[in-house]
1. Once the other residues with Cβ under 10 Å from the Cβ of residue 301 are scored (Lys, Arg +1; Asp, Glu -1), what is the net sum?
2. Report the full-extension gain for the segment residue 101 to residue 162: residue separation times 0.36 nm, less the Cα-Cα distance, to one decimal in nm.
3. To the nearest 10 square angstrom, how much accessible area does residue 236 have with a 1.4 angstrom probe?
4. For the stretch 152-265, give the magnitude of the charge dipole about the Cα centre (Cβ charges: +1 Lys/Arg, -1 Asp/Glu; no others), in debye to the nearest 20.
5. Rolling a 1.4 Å sphere over the protein heavy atoms, what is the accessible area per residue of the stretch 104-163, to the nearest Å²?
6. From the protein chains alone at 1.4 Å, what is the descending order of accessible area for 422, 220, largest first?
7. How large, in percent, is the carbon and sulfur part of the accessible surface of the stretch 1-156 at a probe radius of 1.4 Å?
8. Compute the distance from the alpha-carbon center of the stretch 197-219 to that of the stretch 108-166, in whole Å.
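The values are calculated or read from the model by the stated rules, or taken from the named source; none is laboratory data. What you see is a predicted model, and the numbers here were worked out from it, not measured in a lab. Positions of Cβ are backbone-derived with ideal geometry, glycine not excepted, and every protein chain shown enters the neighbour counts. The accessibility values were calculated without ligands, DNA or RNA, using every heavy atom of the protein model including side chains. Shrake-Rupley method; radii C 1.70, N 1.55, O 1.52, S 1.80 Å.
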Amino acid sequence: MSEIIVAGAGHGGLVAAWKLAQLGHKVTVYERHARENLGYDQKDPVDAAYFDYAEIEYPEEWHAPNNVITLVPIDETVAPITLPEEKGASTLIVERRELLAFLIDLCEKAGVHFEFNCEVREPVVLGSRIIGLMTSHGIKLADLIIDACGIDSPVRRNLPDFTHIQKELGNFDRLHVYRAYYNRIEGKPDPEHRYYVYVNANGFTWLITEPDSVDLLIARFGGVTEEDIKENLDFVCTKNEHVGHELIRGGKVVDIPVRQPLAVFVADGYAAVGDSACMTIPLKGSGIGYSIKAGTILARAVEADKDGLFNCDTLWKYEHDFFHEIGFAACTIALEKNLLPYLTAKDVSDFIASGILTAEELAELNTDKIEYLRKNNIVSTVKNKLKLLNGMPELRNKGLKIVGWFGREKLVEPLFPTKYDREDVQKWAEHYNEFFESIKTDKLPGEDNE
């Protein structure tokens, strides 16, 4: 069997490591943090369907009621919208550190070896192949490198240009997120709704009321400052009298990718998974869910490579299956995200007030499945809905932008190669990247949009 290295203890990398060790491969995970310091001090909802897909048996106590979101526009004259509960969903809510410990335990029982406190620095390249890693513990060689190092992976960022794998992300490709838990003030009643999302043009803020605390998340594209944190905490305290100012846990600012998946994320001897390949959309724990599913798809592609070649030809099955099961739907969500730089805070409120999307349709956008957006008639559907904005010509024109984007995306998708051919893959990556770059603006959300 083969020697396989997983760079970083990310969710998708751990799932792939577990499955590949079960197949008899020698798998080693190199992780820069100490075992006891892995993961953020927070809990996350994840659809149980992802664990079922990966055939992971999870503890029954992870089951929790489905989150029902209430969207609150910045314009207080616009009524909040409470989204209906997702039909057929089964939500798990788990502490991030507990989940990582659970996956590591699965891996170790399957024979995976871990080296903690080992910093991964860059790939080792021989000819056209990635053959290992340069680490703080020296050079480590393997037949396959699985990159699970995250959004700023030092492996991906140092790959040769001929791989056509995008190394660096743009400012609007990442969301800066502050997550913390604050105290509940004794004697104050529960709010009308458990889960509020306050939306604006520069991102969003959520407030989830727990029995013993409140979960505050502040997400911005232009960075999160101490002033932002204080301003938003004061805002939610003003709107919700049960929220206190005492920090209980959490309180870090981290970056997550919020963009389309990388156009190419495999090379000879290399495959990226999770945040390393930008497989994250900020919807109901989808970053964890997508990573779990991608790790499973990757393991299947490796299993299908009976000769242990682990080159572009055989690893392309992984990318092909990922895009057809998840990736193209994620691209559609990325289109909507790219509309944000063109909107002001008032535009967002007017968009909700217009009724252009019903609560049921907004709820569909909050699912990880996103079938609503993948319908063939999406362009004509949105055009018809834009008639509701006839009295708001500026907002209607902005809405028409996304109609054109949907149409142009439909022209890009068929270019995706079924099998790996270097020239075809290069053309695909160029068209894919050029399309998403063409719909960006140099301005971050909330800046002057004249």
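1. On the way: positive: 300, 317; negative: 303, 305, 319, 321.
Counting the neighbours of residue 301, the net charge comes to -2.
2. Working: separation 61, 0.36 × 61 = 21.96 nm, distance 3.68 nm.
Gain in length upon complete extension: 18.3 nm.
3. We get 0 Å² for residue 236.
4. Values: 14 positive and 18 negative charges, 91 e Å.
So the dipole magnitude of the stretch 152-265 works out to roughly 440 debye.
5. 44 Å²
6. 422, 220
7. Details: 3350 of 6860 Å².
Within the stretch 1-156, the accessible surface is 49 percent carbon and sulfur.
8. Each part's Cα centre sits 36 Å from the other's.
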